[in-house]
Each structure stands twice: as C-alpha cells, then as structure tokens.
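Engineer: Got a structure for you, written out below as structure tokens; questions coming shortly.
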C-alpha cells in the first residue's frame, strides 16, 4: 500500500517540442503543483516531443499528471502533429519509477490508479505497460505504440488491443496513452579507441541481453566521427541486477580481443545515486556498503 | 553572504554519553526544531560523550544550537563529568560543514555568528577553530582543548588563549566551546591480507601527509586480530583534493612492495554523495561527470 512518504519519479513524454510558448506553459502548470519537483526537461524539435522528469509524493504526482493532461488538451491536437519520434498520444507515455519508501508493486498500483483517472477525467484510453502490463504483449511500449496515433482507431478494434482503461476508440485530439511502472533506466555509453564501428558492434553484441550478454543491458555500436572513435551506446534497464561496473569491466575484457581500449564513458540524463554508490563499492572493495551511509540519503 | 537556501551540516559533540534519559531529552529538543534534521547520533559510555549529526538551513541550525545549549545547561555540569575523551565544554565542539548552496566562507561567517550567540546568550566563551580560526595556533582543536576543562581557567589567563568571544574565565558548569567551519571528514579504512601491523604502519606512513604522503590524509596501521589481518585506518579531511580513489590506489601500489593485497575497505559514519560520485567517475572514466547528473542532487 502506497504511503504519502513515498517518493516516486515520473518521466512523462508529451508531443510538443517546437512551440516554445506551449512548452513553457505546460511546464509552468506542472511546476505550480505542490509536492512535486520538475528535476529536468528537454525538448527536441525534430522529434517534436518533450521529456519531463518529475519527482514527488503520490498526491503531488497525481495533481501534476492532471495539470499535464489539462494543458495538453488545451494546446495539443495530434491530428496536426508530426515529428520523427513515434507517438500515439498528446501525452504519449507516463512511466513511474520507485525512488524512496516505496516498492515496484506500489508503483504498479499507483500507475493503475492514475491510468483510471486519465480515462475518467480526460476521456483518454490507457494501456498499462512494463511492470504494470496486463499481458506479455503489452510489456513493450513499442508494440503498444505500433501503428501510432494514425493507426490506433483501427488497431483498437481488435479484441487483443482493447485498452486497459477506456473504450475502443482513441480520443480525437489526444489519442491514447501508455502508463506503467518500471525501473530507473540509465543511458550509459562507453568510448573505445577504435574508429571501426564493427568492433563496437561486436562488443555491443557481447554485452547485451538479446544476443547472449547481460540480462538488463541493451547496446549498440555508434560512430563518433569527430573523435575518430566509436562507442558502445547502452540502456541499462535494471541497475540493481546489471550494475554499471559489470558492464564497464565486461566491455574492457571484450575490447582486449581486438586490441582496443576503453578510453572514457558518459551518462546521458540523470542517474540514481544508488547506481553510482553500488559501483563505487565494487571498485574500492567496500565491505560495509549500505545506502544509508550516504549523508544525502538521510536528508 | 549566507542565504536561507543554504544547507549546512553540523556535528556538535556534547559531554554526556551515559545517562540515557539526559541524552534522549537533549536529542528530542534538537529534533523538535524546524528546518533541521538529526541525521545521526551516537553515544559512547567510555568516552561519556555523544556526537550528533545535523543538517539544516542557517535559521534551523541557529535554533538547534540554541536548543542544545539550553538543554546542556539544564543537564550537564562539567565539574561532575569524567570520561576517556578529552573535553573542555558541556557542548565541546560545534563544527559546520558546507553541503549545498553555500561556500566554506559562508560557513566561516555563520560559525562566527553562532560563536557570538553562544557567548551572549549562554555566557560560554568560544574559541574559533579550523577554517574559522583567528590564528594558526587555534586551527587545531587538540591544541585549543589541551588542559581540558580543569585546566582552562589557568590557560585562559594567558593573553594568547583569550577566547574569540567572551572573557578570560570559563563558564562554571559549561566550560568553553570550540566553534568553526571545516570540510566534511571521511573516516575510511582499507584492509590488508597481512597480520603484520608493521606493514600496515609502513603503508600508512607512505600515504599520509605528515610523513610525505597525500596532503589531506591522516593514517595509521591497526591490527584486526579476529580476522588475522591489518588495516590502514584513515581520516580524509578534504575529499575534493585528496579523493578516495587516489588513496585506495596508492595503498594498492605500496602494498605490492610487501607482497600484500588490499582485501576490502570500510566507511565509518556518513559520507557525502559527492565523494562517492567523484571516485566512481574515476573508475569508469566518466568524461562528463557533473554532480547535477545525480537525480537526488536535484530533489
């Protein structure tokens, strides 16, 4: 059961990345909500999409998501929207991540409450995804979103694509939304001193889950032309079970096969303190590691 | 100039570590203050002393220190106090450490304000120490405290030991206090797979400042009899300039001379998130490290 001391992260994506005054108005409405903090926001004009990072209490987030849908309804009409990033909703996806004083199960429960609210108050059908999914086919956001806004009316007529909340038609201007609980995701890249992207791809295949590597690692090779280097570009989707250090050290080991070295790394976006602390504990051999030993965890 | 968004840590030590009801009453009074949080407390009966770890706004800490002195005056009489740890005051020492939105200079200024308050409101003379010290002789707490409560009346008659606030006599029951700003201190130990404490001592001498090692490292060798191992036991007094990873890696290098290995480490008490993050960044070669990338730094 979710208590009001729970701290939850939410990373809603909405389908506007160009009109500055609209973006600002939406963010301002969310910022005005008590009990929630806007940790970050980033808009991409090509994608025509904005990613918000929020953290707050359940009550705070409930109001923040309300404010977001209210403003989206005012400003966004998907019939007039285009961009490179696939999307099916004005508010496309609303993930919830447990941060403190709550479990994944709590966040699943919370996501269902919010999904119901989105349907009941705004008439937007909701698919539950990831840990909140009601079937395996709905775990993966890409599968739910396939067909996008334009294909959704047709898709929802199929019984297996009836939404978890709402009827079998998308909202005319707001489309449909995916809502669900998931682990924090870390976007982490490791740089290699070779310009040969095939080597980066071989290493990516060695460390990623889909081709035999670490269970919670997604990876691909990327060229860094201006540096004459390459990169293993990754998403770590469960840093507790596939920690950062294990990924780095495994990449070092694989790189040796090709006479290649790890020359650096980068984190894109935000990273939870715990993910850093656990890898630190590995490197210095900390015997008594406990998250509570970090001063800031007690604030 | 200190603004009210500043977050400061304070680690006051008071001279009672035995009478549970007195300790609880003092801690309860501090906890009741708004704008300050008791992050930790630890009492030692042999030392007859309690260490509090607080964090709060300047206004919150001001009230917390007031509450602490009020309660100390009610419960503690140094004429009846004994314990293994040297002490000169009922509230023996009040350090301030900058955490967020403030500089060391801000904390020096704040420590002077608090020192003046302690003298004016409680009649307890105050010596400013560490970064707040008004002379080199007063930087070191041990030098100020030498002679302890019992010798303080005599010592304070010497012109060079006139306190920074107050007259030349200690308070009859509360003695005198040291107040000052300092960096966060990390108590960090590295364990070695040798039972020979002489090797641990040689390594300690190699890494510590006093005998030629790292500028902000204090170290000594310690036996861990029940493990048949030894330890380099350290205080890192400036983790920004002498970071944890550099200490660990230098110990590994020195240990090699003796065919000895680092087998583990431990942190005693609390450690600032930044100290962990900076060493993590070293080990994974993070090119874009910035404290702000840690989600919790934005809460």
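Engineer: Dividing the convex hull volume of the alpha carbon atoms of segment B:7-181 by its residue count, what do you get in Å³ per residue?
Structural biologist: Hull volume over Cα atoms, normalised by residue count, gives 93 Å³.
Engineer: Placing a label point 7 Å from Cα toward Cβ, how far apart in nm is residue B:151 from its equivalents in the other copies, listed shortest first to one decimal?
Structural biologist: For residue B:151, the other copies' label points sit at 8.5 nm, shortest first.
Engineer: Under a crude label model (7 Å from the Cα following the beta-carbon direction), how far is residue B:25 from residue B:238 in nanometres?
Structural biologist: 4.3
Engineer: What is the spin-label model distance, in nm, from residue A:59 to residue B:162 if the labels are put 7 Å beyond Cα along the C-beta direction?
Structural biologist: Going by the 7 Å Cα→Cβ label model, 5.7 nm.
Engineer: Measuring label to label, 7 Å along Cα→Cβ, what does residue B:187 give against each other copy in nm, shortest first?
Structural biologist: 4.2
Engineer: So how long is each side of segment B:186-298 along the principal axes, counting just the alpha-carbon atoms, biggest first, in Å?
Structural biologist: Principal-axis extents of the Cα atoms in segment B:186-298, largest first: 46, 30, 23 Å.
Engineer: Between 0 and 90 degrees, rounded to the nearest ten: what's the tilt of helix B:20-31 against the longest Cα principal axis of chain B?
Structural biologist: So the inclination is approximately 90 degrees.
Engineer: Residues of segment A:71-86 with backbone nitrogen within less than 13 Å of a virtual label 7 Å along the Cα-to-Cβ line of residue A:44, please, listed as ranges.
Structural biologist: A:83-86
Engineer: Apply the Kirkwood formula to segment A:84-230: the hydrodynamic radius equals the inverse of the mean of 1/r over all pairs of different alpha-carbon atoms; give it in Å with one decimal.
Structural biologist: Radius from the Kirkwood sum: 17.3 Å.
Engineer: May I pose another question? Test of understanding: in a Gaussian network model of chain A with alpha carbons linked when under 10 Å, which of A:205, A:87, A:257 would top the mean-square fluctuation ranking?
Structural biologist: Looking only at A:205, A:87, A:257, the largest GNM fluctuation is found for A:257.
Engineer: Considering chain A as a Gaussian network with a 10 Å cut-off on Cα pairs, which listed residue, A:287, A:120, A:84, attains the greatest mean-square fluctuation?
Structural biologist: A:287
Engineer: With angles folded into 0 to 90 degrees, how steeply does helix B:273-284 sit against the dominant principal axis of chain B? Use alpha carbons for both and round to 10.
Structural biologist: Relative to chain B, helix B:273-284 is tipped by roughly 10 degrees.
Engineer: Taking only C-alpha pairs under 8 Å that are 6+ residues apart, what is the relative contact order of chain A in percent?
Structural biologist: Relative contact order comes out at 15 percent.
Engineer: Assuming 0.692 mPa s and 37 °C, estimate D for segment A:160-237 with Stokes-Einstein, Rh taken as the Kirkwood radius over Cα pairs, in µm²/s.
Structural biologist: 218
Engineer: Taking the simple approach of a point 7 Å from Cα along Cα-to-Cβ for both residue B:105 and residue A:116, what is their distance in nm?
Structural biologist: Between residue B:105 and residue A:116, the simple spin-label model gives 5.7 nm.
Engineer: Which distances in nm, rounded to one decimal and ordered from shortest, link the label point of residue B:44 to the equivalent label points in the other identical copies, with labels set 7 Å from Cα toward Cβ?
Structural biologist: With the label placed 7 Å along Cα→Cβ, residue B:44 yields 5.5 nm.
Engineer: Work out Dmax and Rg for the protein assembly as shown from the C-alpha atoms and quote the Rg first, both in angstrom.
Structural biologist: Both quantities, over Cα of the protein assembly as shown: 28.7, 93 Å.
Engineer: Then there's this: Which of A:216, A:239, A:289 ends up with the largest GNM mean-square fluctuation for chain A, with Cα atoms connected below 10 Å?
Structural biologist: Highest fluctuation of the listed residues: A:289.
Engineer: For chain A, count the residues as N, evaluate 2.2 N^0.38 Å, and divide the Cα radius of gyration by that value, please.
Structural biologist: 1.06
Engineer: A follow-up question, please. Can you tell me the 0 to 90 degree angle between the C-alpha axis of helix B:104-122 and the longest principal axis of chain B, rounded to 10?
Structural biologist: The angle comes out at about 30 degrees.
Engineer: Going by average Cβ neighbours within 10 Å, how do the peptides A:156-163, B:15-22 rank, with the highest at the top?
Structural biologist: Averaged packing, sorted descending, gives the order B:15-22, A:156-163.
All of the numbers you see were taken from the coordinates with simple rules; none came from a lab. Because the structure is predicted, anything quoted here is derived from the model rather than measured. Cβ sites come from the backbone with ideal geometry, for glycine too, and all protein chains shown count toward neighbours.
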